[in-house]
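One structure is given below, encoded as structure tokens.
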Number of protein chains: 2
Amino acid sequence: MKRHVLIFGLVGGLLIATLQYTEYRFIVIEHSVEIYGALVAMLFATFGIWLGLRITRRRETIVVREVLVPASGLGAEPGSAFIPNTAKQQSLGITARELEILSLVARGLSNREIATQLFVSENTVKTHCSRAFDKLGAARRTQAVQLGKELGLLP
Amino acid sequence: MKRHVLIFGLVGGLLIATLQYTEYRFIVIEHSVEIYGALVAMLFATFGIWLGLRITRRRETIVVREVLVPASGLGAEPGSAFIPNTAKQQSLGITARELEILSLVARGLSNREIATQLFVSENTVKTHCSRAFDKLGAARRTQAVQLGKELGLLP
DNA sequence: TGCAAAATCATCCAAAAGGATGACGACATC
DNA sequence: GATGTCGTCATCCTTTTGGATGATTTTGCA
């Protein structure tokens with residue numbers, strides 16, 4: 001991958017150099033600038049396409065998908081209950097309430113639904129969400145959920 | 001495919017025209033030809049790469065092999081790679097593309113980020129999302145992610 | 001080669017979510 | 001009593017998401 005960029009820079013520099021050199025030999029021709037433009041455009045277009053082909057060559061993927069029958073546990077591991085990472089929570093300064101709301105977010109509830117369920121206003125939910133997102137470094141609720149799961153804050 | 005060639009020609013023509021036009025205004029600057037060359041080169045290189053990436057998108061051979069696995073834990077098992085529940089996916093009529101976008105949603109990406117990453121427009125992402133949500137019976141992306149995980153479609 | 005499914009893109013509109021900021025009361029702690 | 005944290009709520013504004021719908025293109029397959 002890095003090699004390609006190198007080649008790219010090389011070819012670019014070479015072309016520029018060639019351009020500068022040939023300028024003094026053929027610039028006398030009328031409209032040669034346009035011709036230059038077209039030439040360079042063609043060259044780099046083909047090169048770009050080639051590069052695109054190169055770096056995406058590994059598209060021929062054979063995907064073997066194994067289908068498993070959902071016999072017993074669907075997602076829920078029997079016997080092992082979720083244990084929240086309280087240390088991480090504290091180090092991030094996430095309050096219990098914020099985590100509670102975060103877990104409801106993770107369940108796919110909207111702010112309004114969460115507000116109804118917790119008997120608070122939607123604004124309050126939004127505030128908690130904002131603070132939690134901020135502490136997690138998330139910009140969206142989906143991202144917050146993902147981070148929360150990665151950090152062991154959510155099941 | 002034909003449209004791409006058209007766009008190519010159009011951009012090319014436009015660039016040449018612009019070149020010709022600007023020539024009479026800035027050609028007085030020393031070494032502007034080189035600058036022109038570099039500019040045109042850059043433009044067409046990016047365009048070429050884009051085109052290359054576009055036309056070589058997605059070419060995978062999917063081999064669905066039905067293997068019955070003693071379904072024990074569908075949750076996060078350390079060391080074992082995630083095996084998507086293709087049966088469930090098919091029964092819900094969720095396409096590969098939709099699932100692909102769904103997995104990016106689950107990673108916490110916004111529609112715009114997904115669009116950028118997959119080289120498609122934001123509208124397309126939204127369409128895929130809508131269809132996937134519809135098939136999953138989800139009203140929100142967070143809910144879709146949760147359902148997707150419960151159904152074994154997402155890791 | 002022609003059809004059907006899938007993918008792509010667009011527009012319009014409504015709802016949800018997010019950011020910034022201020023405020024107020026309850027409670028614990030110093 | 002002053003201070004600080006937490007939970008609560010609000011307003012204003014912007015961005016993101018979602019829904020509905022239609023069109024075009026690409027692709028896989030019979």
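The values are calculated or read from the model by the stated rules, or taken from the named source; none is laboratory data. Since we're looking at a predicted model, the values are computed, not measured. We place every Cβ from the backbone using ideal geometry, glycine too, and count neighbours over all the protein chains shown.
Quick test of your reading of the structure: A:Ala144 fulfils all but one of (1) hydrophobic (A, V, I, L, M, F, W, C); (2) out of contact with any Phe, Trp or Tyr (no Cβ under 7 Å at 6 or more places or on another chain); (3) more than 9 Å from DNA strand D (Cβ to nearest atom). Name the failing condition by number.
(2)
Filter the stretch B:110-155 down to residues that are within 14 Å of another protein chain (Cβ to nearest Cβ), in contact with a Leu (Cβ under 7 Å, 6 or more places away or on another chain), touching a residue at least 24 places away in the same chain (Cβ under 8 Å) and within 15 Å of B:Glu100 (Cβ to Cβ), then give me how many there are.
Total meeting the criteria: 8.
Mind listing whichever residues of the stretch A:109-155 are assigned to a loop (DSSP other than H, G, I, E, B) and surrounded by fewer than 20 Cβ atoms within 10 Å (Cβ to Cβ)? Reasoning before the result, please.
Step one: of the stretch A:109-155, the residues assigned to a loop (DSSP other than H, G, I, E, B) are A:109-110, A:119-121, A:137-140, A:151-155.
Result: A:Ser110, A:Phe119, A:Val120, A:Ser121, A:Gly137, A:Ala138, A:Ala139, A:Arg140, A:Leu151, A:Gly152, A:Pro155.
For the stretch A:80-109, give me each residue that is within 15 Å of DNA strand C (Cβ to nearest atom) and within 14 Å of chain B (Cβ to nearest Cβ).
A:Ile101, A:Leu102, A:Ser103, A:Leu104, A:Val105, A:Ala106, A:Arg107, A:Gly108, A:Leu109
Take the stretch B:115-130 and flag every residue that is more than 9 Å from DNA strand C (Cβ to nearest atom) and modelled with pLDDT of 95 or more.
Listed by number, the list holds a single entry, B:Cys129.
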